[in-house]
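J.: Let me begin by handing over the structure; questions about it come next.
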Amino acid sequence: MTAYVARRILGLLLNLVLVSMFVFTMLRLVPGDAATAILGVNANPENVLQFKREHGLTGSLVEQYLDWAGGILTGDFGKSLRGNTSVTETFLSRFPVTLEIVLLSFGFTVFFGVTSGVFSALRQNSIMDIAVRFVATLGIAVPNFLLLTLLLLIPARLWGYAPPFGATNPFDDPFDNLRLFLPPTLLLSIGSSAVLMRFTRSGFLEVMRQDYIRTARAKGLAERVVTIRHAFRNALPPVLTLAGLQLGALLGGSIILERVMGLPGLGSWALDAIQLKDYPVVMIVAVYTALNLMVISLMIDLSYGLIDPRIRFG
Amino acid sequence: MARDIRAQTLETDFLAAGFRRTSFSETLLAAARPWLRRPLGLFGLVVVLLAFFTAIAAPLLSPFDAQTFVGASLESPNGKHLLGTNNLGQDVLSRTIYGAQVSMAVGFWATFIGVAGGTFLGIVSGYFGGWLDLIVQRVMEVLASFPGIMLALIVVAALGRPKEGGSDILVLSWQLRSLSLAISLGFIFGVMRVIRSAVLKEKSLPYIEAAVTLGASTPRIMFRHILPNVFPFVIVTFTTIIGAVILIEAGISFLGYGVSIGTPSWGLDLSNRNREYFLTAPWVMAGPSIALTLTVLGFNFLGDTLRDILDPRLRGSR
């Protein structure tokens, strides 16, 4: 177990280095010069050189990468090429917005996906099952940006309602904050919930056909115990894995949500930075996102052992 | 000559044993039967074929050119402009019809690159195993460490824009190419995992051993023996991911990082910059949003049905 975790963490770190090298190279392939993009075409060559030196843009690609990576080891992610502000500071101020979006929509995804999937499987081919599956099929096909745009447009058109503008601190004014965050995160979770629901349903149906379920019933166990203790526990591991994968989709969806609702999160920050070749910003967001996804997937893999004691790590 | 005779005797033997020769129409019916029992799959197939047809025949189908100003600004739907006009006085119906081109082109090519790449890597890494497998898995995991849309946005930026002075059509084809490549990268890992696990199962079967004994070369075993046997998985992954690919393309265009402004595209025509017009003229949104949702729905139905038919292990589970 310890050896397994150690090996996974080592693999995770290696992957993180590869990710940062990949993004770094990609951003340097972007045609055009970051210095000219920021300072303008007619900038004084001396200023350009000064700018490049300040932001570690001189030297070969390898030297630049090592420069950047060396900074990270001392906790310095560099300065934004625009405005000269510390990337770490801006990251910390924007991070809560994205965190709240992802946490809320992930919560909705797991809750609605799993409950409706189990519910649908237990009442296979009933009217409710068909209705839930219909909604899920539609939910996967409707683009999230369309739903979010409609969320702004329909109340505005019908009642002249607009959500409170800009991000508020959830601890200062929880009501105002939730009025802003709940509706869009609920909509953002529709697609992921639908994917998870279909998967939970098929997994659950598969488990319910197994012999041990028949045995459990034959022993005279209450149906509630059969579904919760026997079926649910066995159907859970693959559902958890898929839920972890949905986190990636939600992080991507957060970019769109932030852009549509005008929220100052990491997604909209990275989006502007990609356009302007502001590489320290893109790097910190990309590395953070990748780390996030890898840690979650490691935690899910480890939770398998808790759910099913037969699973051994080797 | 000898071969002909042998084939003939074989055929007589089969006929004598009670086998019948099936006619073409019988074969066709046998292929169509699973579809006739699945109305949603048939619906999906029709929608998908219609979407491809619309994209290809757009110049013939659309009443106006998508980029010329053919009416007043924001006309509501009327006899001349069935879906109204947008703020520039362009015909919304024509833009919706032409919009199919970007979605279908990127949808098809990104999926094709992703599935072809994933299949190739899956077969090679599954068949050889060892350090090659390890390296392929590691590298692919890097691509899988991002949300698909973020990876695509970074790669699109890296591929850049064509040099100044290109004609519109050159710019568009450059953009379609980089979008397809960028989006496909996010799907290679998933496809590779599916194909790889299928290859691992096939590898241990006796027919592979037989082929090795007969002296077949490694590429021949991989692509003439294993590939046909895992091909159902290839088709199923293709139809399952194409809907998601089309949605990602629309999302990128929506954010303004896809095709240039002005190009008829479903994602772009729903984009944020048009939001102010939607409030007073909601018909501007109707065409592209319905077309986009319906197309993705069609691909998803088609994918589910194909998986149902081609992958018996999953039959009845969905």
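Where a number appears in this text, it was derived from the coordinates with a stated rule and is not lab data. Just so it is clear, the model here is predicted, and its values are computed rather than measured. No Cβ is skipped: glycine too gets one built from the backbone with ideal geometry, and neighbour counts run over all protein chains shown.
J.: Output the Kirkwood hydrodynamic radius of the stretch B:173-297, Cα pairs only, in Å rounded to one decimal.
T.: On the way: mean 1/r = 0.0567 Å⁻¹.
For the stretch B:173-297, inverting the mean 1/r across all distinct Cα pairs yields 17.6 Å.
J.: R0 = 25 Å: FRET efficiency of B:A216 with B:L29, Cβ-based, nearest 0.05? Write down the numbers at each step before the final one.
T.: Values: r = 36 Å, r/R0 = 1.46.
Using R0 = 25 Å, I get an efficiency of 0.10.
J.: Continuing with the same structure: I'm a student and want to see the number: the projected area of the Cα convex hull of the stretch B:19-158, averaged over all directions, in nm². Intermediate results must be reported in sequence, preceding the final value.
T.: Values: hull surface 63.8 nm².
In nm², the orientation-averaged hull projection of the stretch B:19-158 is 15.9.
J.: At q = 0.09, 0.17 Å⁻¹, what is the log10 ratio I(q)/I(0) for the stretch A:6-156, with the Debye formula run over Cα points and no solvent?
T.: Cα-only, vacuum Debye calculation for the stretch A:6-156: -0.58, -1.11.
J.: Moving on. Percent of Cα-Cα pairs more than 47 Å apart in the protein assembly as shown, please.
T.: Working: 41834 of 199396 pairs.
Tail of the P(r) past 47 Å holds 21 percent of the pairs.
J.: Pick from A:V97, A:V110, A:V48: which residue has the top mean-square fluctuation in a GNM of chain A where Cα pairs under 10 Å get a spring?
T.: Taking springs between Cα atoms under 10 Å, the residue moving most is A:V48.
J.: At what distance in angstrom do the alpha carbon centres of the stretch A:199-273 and the stretch B:172-190 lie from each other?
T.: With the stretch A:199-273 and the stretch B:172-190 each reduced to a Cα centre, they are spaced 29 Å.
J.: Okay, moving on. Compare the peptides B:203-214, B:121-132, B:296-307 by average per-residue count of other Cβ atoms within 10 angstrom and give them in order, highest first.
T.: Working: B:203-214: 11.8, B:121-132: 18.3, B:296-307: 23.2.
Top of the packing list down: B:296-307, B:121-132, B:203-214.
J.: Also, quick follow-up: Considering the stretch B:127-175, what Rg and Dmax in Å follow from its alpha-carbon atoms?
T.: Just the Cα atoms of the stretch B:127-175 yield Rg and Dmax of 16.9, 50 Å.
J.: Report, please, the projected area of the stretch A:215-297 averaged over directions, based on the convex hull of its C-alpha atoms, in nm².
T.: It is 7.5 nm².
J.: Rank the residues B:M285, B:M150 as a footprinting-exposure proxy: fewest other Cβ atoms within 10 Å of their Cβ go first. Present the calculation step by step, with values, prior to reporting the outcome.
T.: Working: B:M285 22, B:M150 26.
So the residues, fewest neighbours to most, are B:M285, B:M150.
J.: Can you divide the C-alpha Rg of the stretch A:64-220 by 2.2 N^0.38 Å and report the result to two decimal places? Walk me through the numbers on the way to the answer.
T.: Working: Rg = 22.4 Å, N = 157, 2.2 N^0.38 = 15.0 Å.
My calculation over the Cα atoms of the stretch A:64-220 gives 1.49.
J.: In addition: Lysine pairs in the protein assembly as shown with Cα distance under 20 Å, only those 8 or more apart or on different chains: how many are there?
T.: On the way: A:K52/A:K79; A:K52/A:K277; A:K79/A:K277; A:K277/B:K163.
Close lysine pairs found across the protein assembly as shown: 4.
J.: Determine the shielding of peptide B:194-205 by partner chains: average, over its residues, the number of Cβ atoms on other chains within 10 angstrom of each Cβ. Provide the component values of the computation, followed by the final result.
T.: Numbers: counts 0, 0, 0, 0, 0, 0, 0, 0, 0, 0, 0, 0.
Rounded to a whole number, the mean comes out at 0.
J.: To continue, here is another question. State, to one decimal in nm, how far the label point of B:L132 lies from the label point of B:I56, with both points 7 Å from Cα in the Cβ direction.
T.: Going by the 7 Å Cα→Cβ label model, 3.7 nm.
J.: Further, regarding this structure: When only Cα pairs under 8 Å and 6 or more residues apart are kept, what is the percent relative contact order across chain B? Please list the in-between numbers first.
T.: Numbers: 419 pairs, mean separation 77.2, N = 318.
Averaging sequence separation for qualifying contacts and normalising by length gives 24 percent for chain B.
J.: Could you let me know the centre-to-centre spacing of the stretch A:123-162 and the stretch B:118-171, using Cα atoms, in angstrom?
T.: Here the two parts' Cα centres lie 33 Å apart.
J.: Let me ask you something else. Can you tell me the mean projection area, over all orientations, of the convex hull of chain A's alpha carbons? Units nm², please.
T.: Averaged projected area of chain A's Cα convex hull equals 21.8 nm².
J.: Given q = 0.22 Å⁻¹, what are the Debye log10 I(q)/I(0) values for the stretch A:55-108, with equal point scatterers placed on the Cα positions and solvent ignored?
T.: -0.85
J.: Additional query: Grab the DSSP H runs of chain A that are 4 residues or longer, score each as -39,500 (n - 2.57), total them, divide by all residues and round the 222 nm result to the nearest 500 deg cm²/dmol.
T.: Dividing the helical sum by the residues of chain A leaves -25500 deg cm²/dmol.
J.: Out of all Cα-Cα pairs in the stretch B:57-140, roughly what percent, to the nearest whole number, are more than 18 Å apart? Show your work: numbers first, answer last.
T.: Details: 2075 of 3486 pairs.
Cα-Cα pairs of the stretch B:57-140 separated by over 18 Å account for 60 percent.
J.: Compute the signed sum of charges (Lys and Arg +1, Asp and Glu -1) over the other residues within less than 10 Å, Cβ to Cβ, of A:W269. List each step's numbers first, then the result.
T.: Numbers: positive: A:R94; negative: A:E258, A:D272, A:D278.
Value of the local net charge: -2.
J.: Further question on the same structure: At a threshold of 8 angstrom on Cα-Cα distance, excluding pairs fewer than six apart, so keeping six or more, what relative contact order does chain A reach in percent?
T.: 27 percent
J.: Taking Cα pairs under 8 Å and at least six residues apart, what relative contact order does the stretch A:190-271 come out at, in percent? Display every interim value, and only then the final one.
T.: Working: 41 pairs, mean separation 22.6, N = 82.
Result for the stretch A:190-271 is 28 percent.
J.: Follow-up. Per residue, how big is the convex hull around the C-alpha atoms of chain B? Give it to me in cubic angstrom, could you? Present the calculation step by step, with values, prior to reporting the outcome.
T.: Details: hull volume 68.4 nm³, N = 318.
Hull volume normalised by residue count: 215 Å³.
J.: What does the charge count around A:T88 come to, taking other residues whose C-beta lies under 10 Å from its C-beta (Lys +1, Arg +1, Asp -1, Glu -1)?
T.: On the way: positive: A:K79; negative: A:D76, A:E89.
The answer is -1.
J.: If you don't mind, there's one more thing I want to ask. Rounding to the nearest 20 debye, state how big the charge dipole of the protein assembly as shown is about its Cα centre with +1 on each Lys and Arg Cβ and -1 on each Asp and Glu Cβ.
T.: Numbers: 50 positive and 39 negative charges, 441 e Å.
About 2120 debye.
J.: Excluding A:N15 itself, what net charge comes from residues whose Cβ is under 11 Å from its Cβ, given Lys and Arg +1 and Asp and Glu -1?
T.: Values: positive: A:R8, B:R138; negative: B:E141.
It works out to a net charge of +1.
J.: Sticking with this one: Which residue, A:W68, A:W269, A:W159, has the most motion in a Gaussian network model of chain A that connects Cα atoms within less than 10 Å?
T.: It is A:W159.
J.: With charges only on Cβ, +1 for K and R and -1 for D and E, what is the dipole size of the stretch B:218-314 about its Cα centre, in debye, rounded to 20? Intermediate results must be reported in sequence, preceding the final value.
T.: On the way: 6 positive and 6 negative charges, 68 e Å.
So the dipole magnitude of the stretch B:218-314 works out to roughly 320 debye.
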